[in-house]
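**Student:** Supplied in structure tokens, the structure appears directly below.
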Amino acid sequence: MSDRIERPWALMRHHAGWADVFHIDSETSDSITGFYPDRETVGPPVNYSTRAVLARYTTLEAARTAREEAVSEWRKHDAGVRDAEVALRAAEKMREDAWLNCLRDAAQRS
């Protein structure tokens, strides 16, 4: 049995800062097939490229614990991201103002 099959639980990127627990039923060298056990309805198996896997775990509990720890780590950076977004908006405003002033100055010179 390959190491990949021995670690049938994976975290798959859902969106920034969140990963969904995924059970790998089968895999080839480039794809995996499985399901999301935490979703309300478990539909037919889905297929993904193996590149979609963020990390693999031996148990469901290990995958869920890792996901929660990662969310906590993500949240530690929220304030820094908010501060950077405020600084970015201020820099964009300065750039926009400079651009408009340049156009207006050029219009007055002509």
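The values are calculated or read from the model by the stated rules, or taken from the named source; none is laboratory data. Being a predicted model, the structure only gives us computed values, none of them experimental. Here Cβ is always computed from backbone atoms with ideal geometry, including for glycine, and neighbour counts include all displayed protein chains. We work out accessible area using only protein heavy atoms, side chains counted, and drop any ligands, DNA or RNA first. Shrake-Rupley method; radii C 1.70, N 1.55, O 1.52, S 1.80 Å.
**Student:** Among the residues of the stretch 17-63, write down those that are open to solvent by 50 Å² or more (accessible area, probe 1.4 Å), part of a loop (DSSP other than H, G, I, E, B) and in contact with a strand residue (DSSP E or B) (Cβ under 9 Å, 6 or more places away or on another chain).
**Tutor:** ASP30, ASP38, ARG39, VAL42, PRO44, PRO45, THR58, THR59
**Student:** Please go through (1) modelled with pLDDT of 95 or more; (2) surrounded by fewer than 13 Cβ atoms within 10 Å (Cβ to Cβ); (3) in a strand (DSSP E or B) for ARG13 and return the number of the only condition it doesn't satisfy.
**Tutor:** (1)
**Student:** Where the second residue is at pLDDT below 95 and among the basic types (Lys, Arg) and the first is closer than 23 Å to ALA19 by Cα and lies in the stretch 75-86, which pairs have Cβ atoms under 7 Å and are six or more apart or on separate chains?
**Tutor:** Short answer, once both residue conditions are applied: none.
**Student:** If I filter the stretch 97-110 for residues that are open to solvent by less than 90 Å² (accessible area, probe 1.4 Å), of a type in the set (Asp, Glu) and without any contact (Cβ under 8 Å) to a residue 40 or more places away in the chain, do I get at least one hit?
**Tutor:** There is at least one residue in the stretch 97-110 that is open to solvent by less than 90 Å² (accessible area, probe 1.4 Å), of a type in the set (Asp, Glu) and without any contact (Cβ under 8 Å) to a residue 40 or more places away in the chain.
**Student:** I want to confirm something. Restricting to the stretch 64-76 and keeping residues that are more than 15 Å from the chain's Cα centre (by Cα) and under 14 Å from ASP38 (Cα atoms), which single residue is surrounded by the fewest Cβ atoms within 10 Å (Cβ to Cβ)? Quick ask: steps written out before the conclusion?
**Tutor:** Going through the stretch 64-76, the residues more than 15 Å from the chain's Cα centre (by Cα) turn out to be 64-65, 76.
So of that shortlist, the ones also under 14 Å from ASP38 (Cα atoms) come out as 64-65.
Values: ARG64: 16, THR65: 12.
Selected residue: THR65.
**Student:** Search the stretch 41-67 for residues that are without any contact (Cβ under 8 Å) to a residue 60 or more places away in the chain and pair each with any residue that is exposed (fewer than 12 other Cβ atoms within 10 Å of the Cβ) and assigned to a loop (DSSP other than H, G, I, E, B) when their beta-carbon atoms are under 7 Å apart and the residues are at least 6 apart or on different chains.
**Tutor:** SER49/ASP30; THR50/ASP30
**Student:** Exactly one of these conditions fails for ALA79: (1) surrounded by 10 or more Cβ atoms within 10 Å (Cβ to Cβ); (2) part of a helix (DSSP H, G or I); (3) not charged (D, E, K, R). Give me its number.
**Tutor:** (1)
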